[in-house]
1. Could you say whether any residue in region 134-144 is in contact with a Lys or Arg (Cβ under 8 Å, 6 or more places away or on another chain), modelled with pLDDT under 95 and acidic (Asp, Glu)?
2. Collect the residues in region 96-142 that are free of Cβ contacts under 8 Å to residues at least 60 places away in the same chain, in a helix (DSSP H, G or I) and either β-branched (Val, Ile, Thr) or surrounded by fewer than 22 Cβ atoms within 10 Å (Cβ to Cβ) (or both), keeping them in residue-number order.
3. Please go through region 68-95 and pick out each residue that is assigned to a helix (DSSP H, G or I), surrounded by fewer than 17 Cβ atoms within 10 Å (Cβ to Cβ) and of a type in the set (D, E, K, R).
4. Can you name the helices (runs of 4 or more DSSP H) wholly within region 162-231 that have at least 1 residues being acidic (Asp, Glu) and surrounded by fewer than 19 Cβ atoms within 10 Å (Cβ to Cβ)?
5. Every residue in region 129-188 that is among the small types (Gly, Ala, Ser) and more than 13 Å from the chain's Cα centre (by Cα), please.
6. With the requirement that a residue be farther than 13 Å from ALA144 by Cα and out of contact with any strand residue (DSSP E or B) (no Cβ under 8 Å at 6 or more places or on another chain), what does region 175-184 give you?
Amino acid sequence: MAEVFGGGYIPELYGRTKGRPLRQRQQALLDTLLPRLATPDPERGAIDLNALFPHASRIELEIGFGGGEHLAWQAAQAPDAGFIGAEPFLNGVALLLQKIDAEDLANIRIRHGDARPLLEALPSGSLARIYVLHPDPWPKRRHAKRRIISPWFFNEAARVLRGGGALRVASDIPDYVRWTLMHAQNAPEFDWTAERADDWRLRPDDWPQTRYEAKARREGRAPAYLEFRRR
């Protein structure tokens, strides 16, 4: 997309959407379970969250859930809440489906594809929390416009989060952490909740480790855990 928003480009999806060949069980779950859990196509218009989660106490969204460890953990801890996960990488979707099947999780819906149209199709003030954990950093300067964190993203996050809702962002790339804080500073609807260094250096108890965080720590990179509160 070339449209300019708030001094920056609306980001579009780049990168791989499929990796190694799927196992037979994974393919079976994609064929049978995913159609039952898939969100409506956001390209067709606004999404009715009451239809997806008729009795949910709150609804949360994870953008780019990777292997699904964090999303499955959150869903297991709060069976009364509804969770939506968006992930373009087919192998990650298959891993989450395995967790849903093994743990009998009934409160997750999946968007296999770009999260951006989904975010735009969600009702205003409908989410309690958004997670963007270890997004692709696109480290080259010429690729910065591909990052999900952008003026467009903060505008949409402000729209769909209810008052007091939270946006959580994690990254082990210092430049991406600075990038996120820079854009957050220019988003008047959000406050960074950190009051001391440990607030962003230490992962909260209700923020389970993902495979990407574990990989970063093995390679000697310390993640930052950022939380922003919707005013």
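The values are calculated or read from the model by the stated rules, or taken from the named source; none is laboratory data. Keep in mind that this is a model prediction, so the values were computed, not measured. Every residue, glycine as well, gets a Cβ built from its backbone with ideal geometry; the counts of neighbours run over all protein chains shown.
1. Checking region 134-144: at least one residue is in contact with a Lys or Arg (Cβ under 8 Å, 6 or more places away or on another chain), modelled with pLDDT under 95 and acidic (Asp, Glu).
2. Result: LYS99, ALA102, GLU103, ARG141, ARG142.
3. Selection gives nothing.
4. Working: elements: 174-185, 198-201, 211-218.
Qualifying helices (runs of 4 or more DSSP H): 174-185, 198-201.
5. We begin by selecting, within region 129-188, every residue among the small types (Gly, Ala, Ser); these are 144, 150, 157-158, 163-166, 170-171, 184, 187.
Matches in region 129-188: ALA144, SER150, ALA158, GLY163, GLY164, GLY165, ALA184, ALA187.
6. MET182
Rundown of residues vs (1) modelled with pLDDT of 95 or more; (2) touching a strand residue (DSSP E or B) at 6+ places or on another chain (Cβ under 6 Å); (3) surrounded by fewer than 12 Cβ atoms within 10 Å (Cβ to Cβ); (4) not in a helix (DSSP H, G or I), yes/no style:
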{"position": "GLY15", "(1), (2), (3), (4)": "no, no, yes, yes"}
{"position": "ARG20", "(1), (2), (3), (4)": "no, no, yes, yes"}
{"position": "ALA56", "(1), (2), (3), (4)": "yes, yes, no, yes"}
{"position": "LEU61", "(1), (2), (3), (4)": "yes, yes, no, yes"}
{"position": "GLY66", "(1), (2), (3), (4)": "no, no, no, yes"}
